[in-house]
Amino acid sequence: MSKNPKIDALSKFEWTIMNELWELENASARDIIDALPENSQRAYTTIQTYLERLVEKGYLSKKKAGNVNLYQTVIPRDEIVDGATNSFIERVFQGSGSSLAAYLIKNKQLRKDDLEQIRQILEEGDDDA
């Protein structure tokens, strides 16, 4: 198992699996299949392959319960989201969060409730700053 997984190295389907595991907390391949949306269904062996890859990459741990492997996330969701977001902003917007925000606003990617939430965050200020 990798000790330091690349936080931005998840494929789209790996994100789908990780999101299900963060929700379920501890699951078998069958549990994952049952939880996946219909448009994300894959064969049992395919799910097992993805799970094993995620173990090898260091995102999941695995333990045996009888004849079944149970998988659990190793890294908290917010840590992986932070890493993926930072990597995306660095690659696409040359590290400029304001350029990302401007893009989202200009291209109407934010709903009114998104803008209201941002407004509230700005009004409250950032205690970490």
For this session: Starting with the fewest neighbours, write out LEU115, LEU122 ranked by other beta-carbon atoms found within 10 Å of each beta-carbon.
Result: LEU122, LEU115
Seminar exercise, completed: Taking a ≥ b ≥ c as the square roots of the eigenvalues of the Cα gyration tensor, with a/c under 1.5 meaning rounded and otherwise prolate when a/b exceeds b/c and oblate if not, segment 14-90 is prolate
Seminar exercise, completed: Expected sort for TYR103, TYR50, TYR59 with the fewest Cβ neighbours (10 Å cutoff) up front is TYR103, TYR50, TYR59
For this session: Measure nothing but the geometry: give the 0 to 90° angle between the long axis through the Cα atoms of 12-24 and the longest principal axis through the Cα atoms of the chain, rounded to 10°.
Result: 80
Seminar exercise, completed: For Cα Rg over 2.2 N^0.38 Å the list reads [x] 1.13; [y] 0.98; [z] 1.29; the calculated value is entry [z]
Seminar exercise, completed: Computed over the chain: longest principal axis from alpha-carbon atoms vs helix 97-106 long axis, angle to nearest 10 degrees, is 80
Exercise. Where a ≥ b ≥ c are the square roots of the eigenvalues of the C-alpha gyration tensor, would you call segment 77-124 rounded, which needs a/c under 1.5, or, failing that, prolate if a/b is larger than b/c, or oblate?
Worked result: oblate
Exercise. Among GLU124, GLU56, which comes first, then next, by fewest other beta-carbon atoms within 10 Å?
Worked result: GLU124, GLU56
Seminar exercise, completed: Classified through the alpha carbon gyration tensor (a ≥ b ≥ c as square roots of its eigenvalues; rounded if a/c is under 1.5, else prolate when a/b is larger than b/c, else oblate), segment 21-62 comes out oblate
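Taken together, the values in this text are just the output of simple stated rules run on the coordinates, not laboratory data. As the structure is a prediction and not an experimental result, all values here were calculated from the model. Methodologically, a virtual Cβ is constructed for each residue, glycine included, from the backbone with ideal geometry; neighbour enumeration extends over all protein chains shown.
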